[in-house]
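Notes for the one structure printed next.
The values are calculated or read from the model by the stated rules, or taken from the named source; none is laboratory data. Fair warning: this is a prediction, and the values are worked out from it, not measured in the lab. Virtual Cβ from ideal backbone geometry, glycine too; neighbours counted across all protein chains shown. Each accessible area value is taken on the protein alone, full model and side chains, heavy atoms only, with ligands, DNA and RNA left out. Shrake-Rupley method; radii C 1.70, N 1.55, O 1.52, S 1.80 Å.
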Amino acid sequence: MARMSAVVIVLETLAIALAVAVFGPFVLLVGVPAFVATLLVLLTAVLAERRRVRREEAAAALPTVPGGLMSGFFRVAAQPAVAQPPVPAQPVAAQPVAAQPVAAQPVAAQPVAAQPVPPPPGRPRDVRVPVRDVRVDAAERARS
């Protein structure tokens, strides 16, 4: 970013020098304020870029916490250590086990009765608003 800013400044300086050579010193009335504005914009952009890079480097240096988005939200009390069962000293010889078919048990379907959903509290159960037909209103107005 800083190199590109330097290129822009050099090109703008050359453009102002060429304009002064062709049109005279009155070009400086417009050229110098434009040059200063360009310097300010590029300086702001370079400084913002450097701040962003520093912020990313600082964030990369922080240790990452394993888990998801809510990993640190719930605190779990430390669990007491559970004793592991002893490991047998001699390996047990593998005994071939014959596969036995498992009989499928039929499951009877239970009908579920539909329960009406109660209305939210504070609202009437059924509100019907009478609606008049617009054509009837127009016909009544035409008669009178």
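What to note about this one:
- Residue that is open to solvent by 100 Å² or more (accessible area, probe 1.4 Å) and either part of a helix (DSSP H, G or I) or in contact (Cβ under 8 Å) with a residue 40 or more places away in the chain (or both), where the choices are LEU18, LEU39: LEU18
- Segment 2-13 residues that are farther than 16 Å from VAL36 by Cβ, paired with ones that are exposed (fewer than 12 other Cβ atoms within 10 Å of the Cβ) (beta carbon under 7 Å, 6 or more apart): none
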